[in-house]
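Read through the structure below, which is laid out as structure tokens, and then see the notes.
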Amino acid sequence: MVAPFHLAGTQIAPGSRQILQLALAQLYTQSPLTVPLEVVHGRRPGPVLLICAAIHGDELNGIEIVNQVLAKVNPARLKGTLVAVPVVNVFGFIHKSRYLPDRRDLNRCFPGSEKGSLGSRVAHFFVDEIVNKCTHIVDLHTGAIHRSNLPQIRAKLDCDITRQLADAFGAPVILDASIRDGSLRAVAESRGIPVILYEAGEALRFEPLAIKAGTRGVLNVMRTLGMLKPVTGKAKVQPMIAKSSTWIRAEQDGLLHLKARLGDRVSKGQCLGTITAPLGADTCAVIAPKNGIVIGCLTMPLVNEGDAICHIASFDAVKQAEISVERFVDELDIYPETL
Ligand SMILES: [Zn+2]
């Protein structure tokens, strides 16, 4: 039997689960603003896995993923500890906003400081109270507002454990993504905590495909870490690592008629859609600059010159990547609205 787990002044006994409300700040009304979280503490030793969502307050799919994972985890059978934080940026969440009230992006404020800006203080609080107690992290995100992402993992793959977790998740595409200053990934990596970032769907939506794939992915990671019993006999999707990715940008202002969909294989020079004037004249073609798979799309048909329209990932074996995407969608058995 392991020792009790301590978080934010609360003791959680082995083989039990507890919901906590961490006092983060106050609203203008001086009502307390808390970060809700649940700790599931197993009886047997193992990793301390943090799953967190809504660092960008309008990214909702991850919140539902956290809830569905929690529903499947039994403290009597768990090895190690699961720390589940469905809404990190509670300020942004209550305003349906990606940002904090001071317009900062919380995911550029880490590691933060006790005496800094609001974003810096929130980041410091989160690192101090939660991140420092964890051994592994899965950070759940969606595309921005009006942009949808094919389920994908972003991670720094030069760490063997991170790479193992990225593979285990079972999303069809992995991007070997460099670390951005001020991100949760940056602070976790600097403390030697392996972290993978899941991106799927669009802000302000609950999307069944993104949620089902994310829930399955987190449970796969927990099995790989030995926290849950492995399941045998089921072949899983072979994730493909993209060698690079690029956004296609609008070359003129107008109305976008995009034919390409998430998961499509596209060829260099292929017409993926058009941008027209309101009466249909002055048509400009949207051309794929290289071969690849569409992993991100604008979902709103109004564009200004320079707006990002389509995110294309390149692969050494693009046909194999297309097969991985098809198998992934077949396995989930949900027809995605945006594919
Ligand atoms: Zn995000």
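Quick rundown of the values:
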{"quantity": "Nearest 10 degrees, 0 to 90: helix 61-72 Cα axis against the chain principal axis", "calculated": "40"}
{"quantity": "Value of [θ]222 nm, deg cm²/dmol, for the chain, DSSP H segments ≥ 4, -39500 (n - 2.57) each, nearest 500", "calculated": "-7000 deg cm²/dmol"}
{"quantity": "Per-selection Kirkwood Rh - the stretch 148-228 (Cα, Å, 1 d.p.)", "calculated": "13.1"}
{"quantity": "Taking the C-alpha atoms of the stretch 226-286, convex hull volume expressed per residue in Å³", "calculated": "169"}
{"quantity": "Cβ-placed point charges (K, R +1; D, E -1), dipole of the chain about Cα centre in debye, nearest 20", "calculated": "1080"}
{"quantity": "Contact order normalised by residue count of the chain, Cα under 8 Å, 6+ apart, percent", "calculated": "15"}
{"quantity": "Computed Rg/Rh of the stretch 43-146, alpha carbon atoms with Kirkwood Rh", "calculated": "1.01"}
{"quantity": "Rg ratio (alpha-carbon, reference 2.2 N^0.38 Å) - the stretch 205-339", "calculated": "1.25"}
{"quantity": "C-alpha long axis of helix 318-332 to longest principal axis of the chain, angle in °", "calculated": "60"}
{"quantity": "Principal axis dimensions, the stretch 209-253 - Cα atoms, whole angstrom, descending", "calculated": "53, 23, 18"}
{"quantity": "Area projected by the alpha carbon convex hull of the stretch 1-74, averaged over all directions, nm²", "calculated": "5.9"}
{"quantity": "For peptides 17-26, 306-315, 99-108, sequence by mean Cβ density within 10 Å, most packed first", "calculated": "306-315, 99-108, 17-26"}
{"quantity": "log₁₀ of I(q)/I(0) at q = 0.15, 0.20, 0.21, 0.32 Å⁻¹ - the stretch 146-189, Debye sum with one point per alpha carbon", "calculated": "-0.40, -0.68, -0.74, -1.14"}
{"quantity": "Lys, Arg +1 and Asp, Glu -1 on Cβ, resulting dipole of the stretch 87-156 about Cα centre, debye, nearest 20", "calculated": "280"}
{"quantity": "Accessible area (Å², per residue) of the stretch 107-243, counting only protein heavy atoms and a probe of 1.4 Å", "calculated": "40"}
{"quantity": "Which listed pairs, of Lys72/Lys96; Lys259/Lys290; Lys79/Lys133, have C-alpha distances above 23 Å, in listed order", "calculated": "Lys72/Lys96"}
{"quantity": "Carbon + sulfur, % of accessible area of the chain - ligands and nucleic acids excluded, 1.4 Å", "calculated": "51"}
{"quantity": "Förster radius 45 Å - calculated FRET efficiency between Lys96 and Met1 (Cβ-Cβ, nearest 0.05)", "calculated": "0.55"}
{"quantity": "On Cα atoms only, tilt of 160-169 relative to the major axis of the chain in degrees", "calculated": "70"}
{"quantity": "Eligible aspartates and glutamates near Lys212 by straight Cα distance, threshold 15 Å, same-chain separation 8 or greater", "calculated": "Glu64, Glu199, Glu202, Asp330, Glu331, Asp333, Glu337"}
{"quantity": "Cα-based Rg of the stretch 256-305 normalised by 2.2 N^0.38 Å, two decimals", "calculated": "1.15"}
{"quantity": "Scattering curve values for the chain, log₁₀ I(q)/I(0), Debye with Cα scatterers, q = 0.11, 0.13, 0.14 Å⁻¹", "calculated": "-0.72, -0.99, -1.12"}
{"quantity": "Calculated on alpha-carbon atoms, Rg and Dmax of the stretch 103-165 in Å", "calculated": "14.4, 39"}
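The values are calculated or read from the model by the stated rules, or taken from the named source; none is laboratory data. All values reported here derive from a predicted model rather than from experimental measurement. As a convention, Cβ positions derive from the backbone with ideal geometry for all residues, glycine included, and neighbour counts pool all protein chains shown. The accessibility values were calculated without ligands, DNA or RNA, using every heavy atom of the protein model including side chains. Shrake-Rupley method; radii C 1.70, N 1.55, O 1.52, S 1.80 Å.
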